[in-house]
Amino acid sequence: MENKKVKYPIGQQSFEVLRKGEFLYVDKTRFIDKIVTGSQYYFLGRPRRFGKSLFLSTLKCFFEGKRELFKGLYADTMNWDWKPYPVLYLDLNTSKYKEPYELNDVLDRQLREWEEVYDVDVKDTALAQRLATIIRTASLRTGKGVVILVDEYDKPLVNNINNPEQFESYRNALAAVYSNFKSSADYIKLVFLTGVSRFGKLSVFSDLNNLSDISFDEDFAELCGITEKELLENFSEGIKELSKKYQRSQSEEIAELKRNYDGYHFSEECPDIYNPFSLLQVFAKRKYSNYWISSGTPTLLAEQLKRTDADLEEVMHTVCDKSTLEGLDIDNISIEALLYQTGYLTIKNYNDQFSLYYLGLPNEEVKKGFFEYLLLWH
């Protein structure tokens, strides 16, 4: 009997579609157990196309009580009652945010949808007040705390980093909206935000002084991306097909995959992480290429490279402290922080005595892209 062909979820960010369509899925649901028994507020920063949206979609399905989608996964073994919670999922990756009205339109459209779902009597016109009413109403009508998931919280800010007036307008609007996460704490079960950049010295999260930033947390280092253990357990068929095509042994093929797409680290003690976007592409197309690099250069990074006098050859082998990497100061943007947060540099080593991170290029794909794409902007 012929083996069933593996379906690779190229570009698929919906957990429900992925599971119902029987696409290959690397089980990351063990991290849900850590989340529901931990903090009330989370932030996770990772480079683009590393699986942040898929994980938020997974959380959404979990809290909506769709247990059938988790059959055979770790989450199905959890001590959980699987009763649905009200979930507010806000995707800020749906617009370019080049015009002053775009953020308001995105937020208004989403609030209207939630107001209809929870039959909210709209008395306010201000976005922040409307969200507060939605959170309170959804909780009281369902008897459950509200789960709030925000994907790419920083997209409106990143796209206007070089437009100070619009940046400030958007920052104020988002700060007002996000302030509800603390003021409505009695009605909230969980808040989970993702993004690429963690803006420091801003009041966007000023009210969330108990926000748990897990971007450098060893317990969550493997949440996005693929470890070698996960590669061997989930992609054996793909490895066989590649080794047959290129007439190499499977161990040689794994070494080639590692050379091209492995090498990311997101904490002091972290196993090598493969780029998931590139892995899925190479297995689906059975061909090596610079998939992640060619899928787009981050606008913020490209614009800053135009303006900087930094020696990029030197930046490729830089040393810095954690505070440099975890935040962005818009008055003095660090190229090292940008390159790390956008995935062009990664942690190569850590000096515990002086609390210093040694950064470098993660793999061959990024090395090629760094010179072919980024240096053109410099």
Scaled by the rule-of-thumb 2.2 N^0.38 Å, the alpha carbon Rg for segment 77-195 gives a ratio of 1.11
When you take every Cα atom in segment 1-92, what is the radius of gyration, and what is Dmax, the widest Cα pair distance, in Å?
14.1, 49
What whole number of Å gives the distance from the Cα centroid of segment 330-355 to the Cα centroid of segment 84-152?
34
Stokes-Einstein D in µm²/s, Kirkwood radius over Cα pairs - the chain at 4 °C with 1.567 mPa s viscosity:
59
How high is the relative contact order of segment 46-148, in percent, with contacts defined as C-alpha pairs under 8 Å that are six or more residues apart?
27
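Using the structure shown, list the pairs from 155/182; 155/285; 20/60; 66/229 with a Cα-Cα distance above 24 Å, or answer none.
Over 24 Å apart, Cα to Cα: 155/285; 66/229.
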Partners for residue 368 among lysines (Cα-Cα distance below 17 Å; same-chain residues under 8 apart left out)
258, 287
Averaged over every viewing direction, what's the projected area of the C-alpha convex hull for segment 180-308? Give it in nm², one decimal, please.
11.4
Which is farthest toward the positive dipole end of segment 184-303 among 274, 284, 206, measuring Cα position about the Cα centre, with Cβ charges +1 (Lys, Arg) and -1 (Asp, Glu)?
284
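Give me the extension gain from residue 246 to residue 99: residue separation times 0.36 nm, minus the current Cα-Cα distance, reported in nm with one decimal.
Values: separation 147, 0.36 × 147 = 52.92 nm, distance 4.90 nm.
Difference between extended and current length: 48.0 nm.
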Rounded to the nearest 20 Debye, what is the dipole magnitude of the chain about its Cα centre when Lys and Arg each give +1 and Asp and Glu each give -1 at the C-beta?
1260
Over the chain, relative contact order from alpha-carbon pairs under 8 Å, at least 6 apart, %
18
Going from most exposed to least, what order do 98, 7 have by accessible area with a 1.4 Å probe?
98, 7
Filter the GluC sites (Glu not before Pro) in segment 265-360 down to the DSSP loop ones having no more than 10 other Cβ atoms within 10 Å, then list what survives.
269
Candidates 17, 158, 282: whichever shows maximal mean-square fluctuation once the chain is modelled as a Gaussian network with Cα springs under 10 Å
17
To the nearest 500 deg cm²/dmol, what mean residue ellipticity at 222 nm is calculated for the chain from DSSP H runs of n ≥ 4 alone, each contributing -39,500 (n - 2.57), summed and divided by the residues?
-11500 deg cm²/dmol
Subtracting the Cα-Cα distance of residue 236 and residue 289 from 0.36 nm times their residue separation yields 17.1 nm
Here the percent of antiparallel bridges among DSSP beta bridges lying wholly in the chain, to the nearest 5, is 40
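The values are calculated or read from the model by the stated rules, or taken from the named source; none is laboratory data. Here the structure is a predicted model, which means the values were calculated and not measured. Reconstructed Cβ throughout: ideal geometry from the backbone, glycine too, with neighbour counts over all protein chains shown. For the accessible areas, the whole protein counts, side chains as well, though only heavy atoms, and no ligand, DNA or RNA atoms are used. Shrake-Rupley method; radii C 1.70, N 1.55, O 1.52, S 1.80 Å.
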